[in-house]
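Peer 1: Please read through the structure below; I'll follow up with questions.
The values are calculated or read from the model by the stated rules, or taken from the named source; none is laboratory data. Note that this is a predicted model, so its numbers are computed, not measured. Cβ atoms come from the backbone with ideal geometry, glycine included; neighbour counts cover every protein chain shown. SASA here: full protein model, heavy atoms, side chains in, ligands and nucleic acids out. Shrake-Rupley method; radii C 1.70, N 1.55, O 1.52, S 1.80 Å.
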Amino acid sequence: MGVKMVGASVRRMEDPRLLRGEAAFVDDIRLPGVLHMAVLRSPHAHARLLSVDVRAARELPGVVDAFSAADLGAEPPGIPFFYNPASFRPAPQYPLATDTVRYVGEGVAVVVAESRHLAEDALELIEVDYEPLEAVVDAYAAIQPGAPVLHENAPDNVAATMVYESGDVEAAFAGADRVISKRLDMQRYTGIPMETRGVVGHRDAVTAEMTIWASTQWPHTMRTVLAGMLAVPARSIRVITPDIGGGFGIKADFYPEDFLVPFAAGRVGRPVKWIEDRNEHFLTIAHSREQIHEVEIALRDDGTILGLRARHITDCGAYQRPLGLVNASLAATSLAGIYRVPALRVEAVCASTNKAPASAYRGAGAPEATFARERLLDIVARELGMDRAELRRKNLLTPEEMPYDTGLVSLEAAVILDSGSFPAAFEQALDMADYAGFAARQQAAREEGRLIGMGICVYHQLTGTGPFEGGSVRVDPTGEVTINSGAAPQGQGTATMLAQIAADELQVPHDTIKVVFGDTGRLAHGMGTYASRNAVMAGTAVVMASTKVREKALALAAHLVEADPSDMVLEDGYAHVKGVPTTRVSWAEIAAAATPGGNRPEGMEPDLESVQYFENMAAPYSYGIHIAEVEVDPDTGVTTVGRYVVVNDAGTIVNPRNAEGQIAGGVAQGLGGALMEELVYGPDGQPQSTSFLDYLIPGSLDVPDVEIGHLETKSPLNPLGVKGMGEGGAIGGHSAVANAVADAIEHLGCTVTRTPLKPATVWELMRSTGAAPAGAGTTA
Amino acid sequence: MDVDERTTADHVGLREKTITVTVNGDSYQRTVPVRRSLVDFLREDLGLTGSHVGCEQGVCGACTVLLDGEPIRACLMFAVQADGNELTTVEGLASGEELHPIQQAFWDHHGLQCGFCTPGFLLTTYDFLREKHGATEPEIREALSGNLCRCTGYQGIVRSVQAADETWER
């Protein structure tokens, strides 16, 4: 056995280009003759669209085209949705508003001009007649009788209600010693990558094919959807993902501009580019997380959980795009976590409001459900007078209970926990954080007038979702290895990871392998990068393809040296007969023999390439324990996060530094959600968080160092034993920090039931108790 | 604004002006619309796409470049305001094939993920370490606090700056 790269913490192959400023993000693509698109957006949250007149805009020098929904054809194509539960009353979004606008930022008309400046100048010349309608911005209010109605087919503003049930819930609650219920709310926040979205489209005059470069997480899906909407064969569209500057789920959506740019490029016969500005990003990017949870838990007096009963209302915003229902579904099926919950019933209500459409963001339902559960468990522990770690310990599933079938089926797949060592991870995290010693430290701090708190969060995450991912491995006659993958990563270091996997199979240096992502012209089928699926799905496809290539290479090498294939080994970039290094044949010689007309064994097909698809619906679940320590300033309500401990189990780790980077980055986003991030809307539906000045994301002074412990319980569901893990930090981070703030202040007599815990919110909570510590409230 | 430099168009944005700037040691003369931002000028007129546009409001720091040696937000300046000045962008850090010690440190210590914010962090670090030796972690975090990163949680970036402090001979 030669070098083993899986598990090696190697530097990333991606980095030198990025460090030199040589990367090619979508805005860096410069095509000759390119035109720039700008979108006129609704200033109203809800209004009837009486008329749109683009004639004056068309007349401005430098403007090449301007159009509105009326120019999209008699029946404009709606953006499709991917899930269709029985109760669904779909409200698809059209590329431009047709007769009604339903959120601020919804596209109304488009200008294509010689520069973005000119295009935006021309937007001011478009005349639009609106008849404002009453808006509804709160999901709870939206589903009450008499609320303003968004869509005629859903007069109660309920787009879907999905019910998830397992075990005998009625009996569980009837037989309980204690039933505790709570309403717990998570706010609207989302991914906010540093690179906004962007699309460039160009129809080639020779082939009549449309090439699209897009900052998207799912190029193949984009091609399929676009072909359907444009009513052209998929083969006439090629989608290529350039470097992508962060995504976190929100670039796995199909947005109006994803249609409008190619449509405009087709109309004008020149390349068209649209780069979202930061203001547009805040107005129109998929928002996420906003859920109201009404949760009831049935327990024995000793803290044994008997059942959970819940209703949650997801604020889906104005329309449902492809994954619009996923957050609601996954929040329901994640609610029980990795605890033994014998009976569960969750009603997931999807409400329409006059806000930007919501969709999946890092965790997609799991952060919301985890907050509801982990916050509730702390409240339960306090009411039972029980230690919160002991309450969790008592109910955690054990390795002997794996695999554990929850009996639930989400919109994605059946929910079966495949493997894990939950109690061991839990104890490891408590040890690392010195949970046992914290109560004394907290007491000592309180005596000094300081408020410190420790928060625990136990989470799990769905990873590596199906149905498939594609990957090809080819060796050119020069001996160079290229991987094509259906993944479309946004900073995860996936090129390095896939090269490490292939290097183990082929025994070539990993950094000599070229990895190409997300190009529909290179791989017929692909899914993309979301749901923490790169290692599981793209990784396994590469294992499959490189295994095939290795087997064929060994057969070719054996043929060349007249040996038996089973006697051949691969080592240091050569094949040779085991124990006889002088028989060595290079990859270039092997691949040259494989070319058509080359020296192959009788009956062997030419070329040295394998295209493989890993088809799998059984998704592995990773999990982890987060413990945060915070200090709350009693005078200002400002929270400072101090120590932060994570124990993470994602099965086999291909590249530890990549994995740790995912955890640290995820924690920062979770912390942001717990303490500062919020997409605020006024009662009239006007968005109030439309720049980095009023939507705060964590900076270098806000985020602590994260201490990480790993467990590696291998997944039985794929040959590498990997589980995805990219979303866990954001799931655990939110609730660990929120629970820590609660632990710091709840002894005063308040209860934390919502996030974000901005300073003013925390200060109000402390003041509401009337028992604020010395200093608190002195500025009132 | 010099009135004589107006174009025949009555639209203020269409006025143009010829400017000369030195970028990474090379001198460029270009005629640009007066409303073009410095970062757009670098990217579109000079093809130096390493400086990224993250917010256009001076908050995120992705467009940080050095103007006569001082870090500035290239989205908050017009190109015409840089007339006669010297600029350093991320493309100017490496010496040929050899990465600058700061770039090398970011590579060695996992100081980036998507890499979009990275050019701004590199130039901010360059300015910080040029004056500072033996920086403490709080000092580094303070120095980086004007640049936003959404991927890393800053941990890798802080380690990278610490490493560059050791390795950069200055």
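Peer 1: Quick check, is A:A38 open to solvent by 30 Å² or more (accessible area, probe 1.4 Å) and small (G, A, S)? Lay out the reasoning, then the answer.
Peer 2: Values: open to solvent by 30 Å² or more (accessible area, probe 1.4 Å): no; small (G, A, S): yes.
So A:A38 does not fit the description; no.
Peer 1: Taking A:F282, is it under 15 Å from A:G191 (Cβ atoms), within 14 Å of another protein chain (Cβ to nearest Cβ), open to solvent by less than 40 Å² (accessible area, probe 1.4 Å) and outside any helix (DSSP H, G or I)? I'd like the intermediate steps shown before the answer.
Peer 2: Working: under 15 Å from A:G191 (Cβ atoms): yes; within 14 Å of another protein chain (Cβ to nearest Cβ): yes; open to solvent by less than 40 Å² (accessible area, probe 1.4 Å): yes; outside any helix (DSSP H, G or I): no.
For A:F282, the condition - under 15 Å from A:G191 (Cβ atoms), within 14 Å of another protein chain (Cβ to nearest Cβ), open to solvent by less than 40 Å² (accessible area, probe 1.4 Å) and outside any helix (DSSP H, G or I) - is not met.
Peer 1: Still on this model: Given the criteria open to solvent by less than 20 Å² (accessible area, probe 1.4 Å), away from chain B (no Cβ under 14 Å) and modelled with pLDDT of 95 or more, does A:A122 qualify?
Peer 2: On the way: open to solvent by less than 20 Å² (accessible area, probe 1.4 Å): yes; away from chain B (no Cβ under 14 Å): no; modelled with pLDDT of 95 or more: yes.
No; evaluated as a whole, the condition is false for this residue.
Peer 1: Quick check, is A:S622 open to solvent by less than 10 Å² (accessible area, probe 1.4 Å) and in a loop (DSSP other than H, G, I, E, B)? Full working, then the answer.
Peer 2: On the way: open to solvent by less than 10 Å² (accessible area, probe 1.4 Å): yes; in a loop (DSSP other than H, G, I, E, B): no.
Against the criterion (open to solvent by less than 10 Å² (accessible area, probe 1.4 Å) and in a loop (DSSP other than H, G, I, E, B)), A:S622 does not qualify.
Peer 1: Go over the candidates A:G266, A:G324, A:G317 one by one and state the one that is in contact with a Cys (Cβ under 7 Å, 6 or more places away or on another chain), closer than 25 Å to A:V108 by Cα and more than 14 Å from every other protein chain (Cβ to nearest Cβ).
Peer 2: On inspection, the qualifying residue turns out to be A:G324.
Peer 1: Now, a different point. Where the second residue is at pLDDT below 95 and the first is part of a helix (DSSP H, G or I) and lies in region A:246-266, which pairs have Cβ atoms under 6 Å and are six or more apart or on separate chains?
Peer 2: As it stands, the answer is A:A265/A:R203; A:G266/A:R203, since those pairs meet every condition given.
Peer 1: Can you go through A:H44, A:H36 and tell me which one is out of contact with any Cys (no Cβ under 8 Å at 6 or more places or on another chain) and within 30 Å of B:P119 (Cβ to Cβ)?
Peer 2: Working: A:H44 fails: within 30 Å of B:P119 (Cβ to Cβ).
Going through A:H44, A:H36 in turn, just one is out of contact with any Cys (no Cβ under 8 Å at 6 or more places or on another chain) and within 30 Å of B:P119 (Cβ to Cβ): A:H36.
Peer 1: Looking only at region A:187-201, which residues are of a type outside the set (V, I, T), touching a residue at least 60 places away in the same chain (Cβ under 8 Å) and within 8 Å of chain B (Cβ to nearest Cβ)? Before the answer, list the steps.
Peer 2: Here is the first cut: in region A:187-201, the residues of a type outside the set (V, I, T) are A:187-189, A:191, A:193-195, A:197-198, A:201.
Checking the rest, the ones that are also touching a residue at least 60 places away in the same chain (Cβ under 8 Å) come to A:187-189, A:191, A:193, A:195, A:197-198, A:201.
Once the filter is applied, which keeps residues that are of a type outside the set (V, I, T), touching a residue at least 60 places away in the same chain (Cβ under 8 Å) and within 8 Å of chain B (Cβ to nearest Cβ), region A:187-201 yields A:G191, A:P193, A:E195.
Peer 1: From the set of residues in region A:43-54 that are farther than 12 Å from A:T98 by Cα and open to solvent by less than 40 Å² (accessible area, probe 1.4 Å), which is farthest from the chain's Cα centre (by Cα)? Don't jump to the end; show me each part of the working.
Peer 2: Here is the first cut: in region A:43-54, the residues farther than 12 Å from A:T98 by Cα are A:43-46, A:53-54.
If we keep only those that are open to solvent by less than 40 Å² (accessible area, probe 1.4 Å) as well, we get A:45-46, A:54.
Working: A:A45: 27, A:H46: 29, A:V54: 37 Å.
Across region A:43-54, the extreme among qualifying residues is A:V54.
Okay, residues lined up against (1) surrounded by fewer than 23 Cβ atoms within 10 Å (Cβ to Cβ); (2) of a type in the set (A, V, I, L, M); (3) more than 23 Å from the chain's Cα centre (by Cα):
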{"position": "A:E447", "(1), (2), (3)": "yes, no, yes"}
{"position": "A:Y459", "(1), (2), (3)": "no, no, no"}
{"position": "A:G466", "(1), (2), (3)": "yes, no, no"}
{"position": "A:E469", "(1), (2), (3)": "no, no, no"}
{"position": "A:T478", "(1), (2), (3)": "yes, no, yes"}
{"position": "A:A524", "(1), (2), (3)": "yes, yes, yes"}
{"position": "A:N534", "(1), (2), (3)": "no, no, no"}
{"position": "A:R550", "(1), (2), (3)": "yes, no, yes"}
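Peer 1: Can you pull out every residue in region A:171-224 that is in the same structural domain as A:V272 (by TED's automatic domain parsing), open to solvent by 10 Å² or more (accessible area, probe 1.4 Å) and hydrophobic (A, V, I, L, M, F, W, C)?
Peer 2: Those that are in the same structural domain as A:V272 (by TED's automatic domain parsing), open to solvent by 10 Å² or more (accessible area, probe 1.4 Å) and hydrophobic (A, V, I, L, M, F, W, C): A:A205, A:V206, A:A208, A:M210, A:W213.
Peer 1: To continue, here is another question. Can you say whether A:R375 is touching a residue at least 24 places away in the same chain (Cβ under 8 Å), crowded, with 22+ Cβ neighbours inside 10 Å and either more than 13 Å from A:L335 (Cα to Cα) or more than 21 Å from the chain's Cα centre (by Cα) (or both), as far as the supplied structure shows?
Peer 2: Working: touching a residue at least 24 places away in the same chain (Cβ under 8 Å): yes; crowded, with 22+ Cβ neighbours inside 10 Å: yes; either more than 13 Å from A:L335 (Cα to Cα) or more than 21 Å from the chain's Cα centre (by Cα) (or both): yes.
Yes.
Peer 1: Still on this structure: Looking at region B:59-75, which of its residues are more than 14 Å from chain A (Cβ to nearest Cβ) and under 14 Å from B:T125 (Cα atoms)? Write out each step before concluding.
Peer 2: We begin by selecting, within region B:59-75, every residue more than 14 Å from chain A (Cβ to nearest Cβ); these are B:67-72.
Selection gives B:G69, B:E70, B:P71, B:I72.
Peer 1: If you go through region B:72-119, how many residues are touching a residue at least 60 places away in the same chain (Cβ under 8 Å), assigned to a loop (DSSP other than H, G, I, E, B) and crowded, with 24+ Cβ neighbours inside 10 Å?
Peer 2: Total satisfying the criteria: 3.
Peer 1: Among the numbered criteria (1) surrounded by fewer than 24 Cβ atoms within 10 Å (Cβ to Cβ); (2) within 14 Å of another protein chain (Cβ to nearest Cβ); (3) not in a helix (DSSP H, G or I), which one does A:I452 miss?
Peer 2: It fails just one condition, (2).
Peer 1: Under 7 Å by Cβ, and 6 or more places apart or on different chains, what pairs join a residue from region A:695-710 that is under 21 Å from A:K723 (Cβ atoms) with one that is among the charged types (D, E, K, R)?
Peer 2: Pairs that qualify, where the first residue is under 21 Å from A:K723 (Cβ atoms) and the partner is among the charged types (D, E, K, R), are A:I708/A:E660.
Peer 1: Same structure again: Select from region A:589-637 the residues that are within 32 Å of the chain's Cα centre (by Cα) and small (G, A, S) and list them in ascending order.
Peer 2: Within region A:589-637, A:S610, A:A618, A:A619, A:S622, A:G624, A:A628, A:G637 meet the criteria.
Peer 1: Considering only region A:339-362, state which residues are part of a loop (DSSP other than H, G, I, E, B) and surrounded by fewer than 24 Cβ atoms within 10 Å (Cβ to Cβ).
Peer 2: Going through region A:339-362, the residues part of a loop (DSSP other than H, G, I, E, B) turn out to be A:340-343, A:352-357, A:359-362.
A:R340, A:V341, A:P342, A:A343 - these are the residues of region A:339-362 that are part of a loop (DSSP other than H, G, I, E, B) and surrounded by fewer than 24 Cβ atoms within 10 Å (Cβ to Cβ).
Peer 1: Test A:A487 against the stated conditions and say whether it is open to solvent by 30 Å² or more (accessible area, probe 1.4 Å), in contact with a strand residue (DSSP E or B) (Cβ under 9 Å, 6 or more places away or on another chain) and either in a strand (DSSP E or B) or under 17 Å from A:M537 (Cβ atoms) (or both). Before the answer, list the steps.
Peer 2: On the way: open to solvent by 30 Å² or more (accessible area, probe 1.4 Å): no; in contact with a strand residue (DSSP E or B) (Cβ under 9 Å, 6 or more places away or on another chain): yes; either in a strand (DSSP E or B) or under 17 Å from A:M537 (Cβ atoms) (or both): yes.
Spelling it out, it is not the case that A:A487 is open to solvent by 30 Å² or more (accessible area, probe 1.4 Å), in contact with a strand residue (DSSP E or B) (Cβ under 9 Å, 6 or more places away or on another chain) and either in a strand (DSSP E or B) or under 17 Å from A:M537 (Cβ atoms) (or both).
Peer 1: State the number of residues belonging to region B:124-148 that are open to solvent by less than 10 Å² (accessible area, probe 1.4 Å) and facing chain A (nearest Cβ under 10 Å). Working first, answer last.
Peer 2: Going through region B:124-148, the residues open to solvent by less than 10 Å² (accessible area, probe 1.4 Å) turn out to be B:125, B:129, B:140, B:144, B:147.
Still in the running and facing chain A (nearest Cβ under 10 Å): B:140, B:144, B:147.
Number of matching residues: 3.
Peer 1: Let me spell it out: the conditions are (1) touching a strand residue (DSSP E or B) at 6+ places or on another chain (Cβ under 9 Å); (2) without any contact (Cβ under 8 Å) to a residue 12 or more places away in the chain; (3) within 14 Å of another protein chain (Cβ to nearest Cβ), and A:R55 meets all of them except one. Which number is the exception?
Peer 2: Failing condition for A:R55: (3).
Peer 1: May I ask you to list the residues in region A:559-584 that are open to solvent by less than 70 Å² (accessible area, probe 1.4 Å) and in contact (Cβ under 8 Å) with a residue 40 or more places away in the chain?
Peer 2: A:H559, A:L570, A:G573
Peer 1: Got a sec? Which of A:A740, A:A744, A:A736 is in the same structural domain as A:N648 (by TED's automatic domain parsing), assigned to a helix (DSSP H, G or I), in contact with a His (Cβ under 7 Å, 6 or more places away or on another chain) and buried (at least 23 other Cβ atoms within 10 Å of the Cβ)?
Peer 2: Working: A:A740 fails: in contact with a His (Cβ under 7 Å, 6 or more places away or on another chain); A:A744 fails: in contact with a His (Cβ under 7 Å, 6 or more places away or on another chain).
Sole residue among the options that is in the same structural domain as A:N648 (by TED's automatic domain parsing), assigned to a helix (DSSP H, G or I), in contact with a His (Cβ under 7 Å, 6 or more places away or on another chain) and buried (at least 23 other Cβ atoms within 10 Å of the Cβ): A:A736.
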